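To start, the structure under review is shown below, and the notes come after it.
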Amino acid sequence: MGEATVPDDAELLRRMRLGDESALEALYARYGGLVYALALRIVGDPELAREVLQDTFLRSWGGRDAYDPERGRVPWWLMGIARNRAVDLLRSRPHQARLREREPLPPAPRASDAARREAGDAVVLRHAVTSALRGLSPVQRQAIELAYYGGLTQSEIARELGEPLGTVKSRTREALERLRDSLWPLLERKGGRVATP
């Protein structure tokens, strides 16, 4: 049986729309690690990152009827929810936001063997994201970092850089496409399963 019986993302969303909470749990098991890694990178605090993680999946449950597969795959939808929630948290603590952007990620707490394996998966994912970011041109990387890690809108980025808004939008779109191409193979391995904190 094995992998052939693992439902794909579209099936999980279909079941969620029917009120199947186990589909939400399966989605959490599959993408919780990815969402947590993104949240931790943005907020810089494990407790806040866990808050973002929980809120992301609660919001995905509440917004399950609004998900549109034409606008992107499920992990990108979840990361968009997580990013927005993390940025909201940072904006509610503006004096902390700039400090957190400069701080290194905190070390993982001591944990069980299973938790260590999951933390190892998160480290692999974090390295993959860092490597993918390094693969962008400097101007693309700057646009992504200001948007995702700095919490700036595209208009704010254009003002910050003194660039036309259209230029910023193009750079951001191209950067996201390159990141998607770089990271998607990692997500698709083993049914897209990544570690959950």
Q. Within region 125-140, can you find the residues that are crowded, with 18+ Cβ neighbours inside 10 Å, in a helix (DSSP H, G or I) and more than 15 Å from the chain's Cα centre (by Cα)?
A. GLN140
Q: Give the residues of region 46-88 that are in contact (Cβ under 8 Å) with a residue 60 or more places away in the chain and surrounded by fewer than 20 Cβ atoms within 10 Å (Cβ to Cβ), sorted by residue number.
A: PRO46, ARG50, ARG73, TRP76
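Tally up the residues in region 145-178 that are touching a Ser or Thr at 6+ places or on another chain (Cβ under 7 Å), aliphatic (A, V, I, L, M) and in contact (Cβ under 8 Å) with a residue 12 or more places away in the chain, please.
Adding up the residues that qualify gives 1.
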**Q.** Residue check for ASP55: of a type outside the set (Val, Ile, Thr), over 20 Å from VAL129 (Cα atoms) and either modelled with pLDDT under 90 or assigned to a loop (DSSP other than H, G, I, E, B) (or both)
**A.** no
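The values are calculated or read from the model by the stated rules, or taken from the named source; none is laboratory data. Since we're looking at a predicted model, the values are computed, not measured. Please note: Cβ atoms are built from the backbone with ideal geometry, for glycine as well, and neighbour counts cover all protein chains shown.
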